[in-house]
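Please read the structure below before turning to the comments.
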């Protein structure tokens, strides 16, 4: 798990004093669905108890995410708080048929990270754009259970061989291009690409198992 | 639109993880607006991001973190009635008819939003001549890594044979072109790695308009264009 804590130390502040190996994420679709329900409760009834549950589960993970992108522990804490505040504010935009809770919160964290560290907005598709083209065959979309999908992908992720997992984690958690990953791990670029391709194949297997 | 060429899986994953340059991100978001297939794939990669978030180490939050956040939200909620909803933009940049039926209906918002305010159609763009039959318009307000430009290529004109130092992507907006890889029509993306050389030729029937994003300057393979490169800055 800790094979890729490769970020070079930047000073006395980089000790991850708050790191604890909590891995009590939703282990099954029931728990993943509970996270989705909490977000819906926050949206519909400003449910503080549901928000506290979401906070307990996601804030420490978002904090670790921010820390890995070069924040110090104070910045990471503050950005995790900000991300959770966005969860509260944007809860009405969450659509459980489109994304699992973890997927949605990942995009909030990613966008906040780009906003803060690169000082710009992540450019996204606008769902109300008149030029938006929607699939003529919506069948596939409607029957997907997003929570179940997230759980299968998570299970597939846990089973990836270490060498493939490293490239996936560096891609998502360190803002590394493929050539930077190659440099960091001291392996050829072609090897990075082939490992990613293998990993994506397996993870996508998780996505396709639920239609 | 019958899209046949898409960004590579790795490009879509980099879009989802948020590690593309802004130039590339713009091109991908513009393509995704007209391509439900790629939107779906990106949702898949975002699901992977969520799974990675779930399976990675966590860092415990400060002692009174939740209380602090709750207090701030409490204050916000008290003022909630003054929160205004974002209105959808009515901006529309027309693309115009294509005689071969290969054109976007209008520019998707990610791209339209970056054009000067007075541009209402592709004809209003202040094109600059790059070479005979080739015009371009460089988009502003893009972070320094990478460039993004619109290109307008006259019927039958070929872009000089070139390779790439880095990643280059082309999105067709109107018309079509042919190169070693195949034929590209509106909505199609050519996602080229550093080791590909190609020489696109615009279709003879009409001009071709495309969006090109690069992470590094293009390199031309023949002497003349190489000499011109410093002037054109491409």
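The values are calculated or read from the model by the stated rules, or taken from the named source; none is laboratory data. Because the structure is a prediction, the values reported are computed rather than measured. Here Cβ is always computed from backbone atoms with ideal geometry, including for glycine, and neighbour counts include all displayed protein chains.
Looking at the stretch A:127-211, the helices (runs of 4 or more DSSP H) lying wholly inside it that each contain 2 or more residues that are modelled with pLDDT of 80 or more sit at A:146-159, A:162-173, A:178-185, A:189-208. Consider the stretch A:64-77 and keep the residues that are more than 23 Å from residue A:94 (Cβ to Cβ) and assigned to a helix (DSSP H, G or I). The one that is farthest from the other protein chains (Cβ to nearest Cβ) is A:75.
Quick one: in the stretch B:95-108, of everything that is touching a helix residue (DSSP H, G or I) at 6+ places or on another chain (Cβ under 7 Å) and within 24 Å of residue A:123 (Cβ to Cβ), which residue is farthest from the other protein chains (Cβ to nearest Cβ)? Looking at residues that are touching a helix residue (DSSP H, G or I) at 6+ places or on another chain (Cβ under 7 Å) and within 24 Å of residue A:123 (Cβ to Cβ), I get B:95. Looking at A:120, A:61, just one residue is closer than 18 Å to residue B:66 by Cβ, facing another protein chain (nearest Cβ under 7 Å) and touching a helix residue (DSSP H, G or I) at 6+ places or on another chain (Cβ under 8 Å), and that residue is A:61.
Residue-level analysis places residue B:146 among those that are at pLDDT below 85, surrounded by 14 or more Cβ atoms within 10 Å (Cβ to Cβ) and closer than 30 Å to residue A:127 by Cβ.
Against the test of being free of Cβ contacts under 8 Å to residues at least 40 places away in the same chain and crowded, with 21+ Cβ neighbours inside 10 Å, the options A:99, A:109, A:76 yield a single qualifying residue, A:76. Filtering the stretch B:12-26 to residues that are within 7 Å of chain A (Cβ to nearest Cβ) and outside any helix (DSSP H, G or I) leaves B:18, B:19. Is it the case, given these coordinates, that residue B:187 is closer than 20 Å to residue B:97 by Cβ, over 22 Å from the mean Cα position of the chain (by Cα) and either in a strand (DSSP E or B) or at pLDDT 75 or above (or both)? It is false that residue B:187 is closer than 20 Å to residue B:97 by Cβ, over 22 Å from the mean Cα position of the chain (by Cα) and either in a strand (DSSP E or B) or at pLDDT 75 or above (or both).
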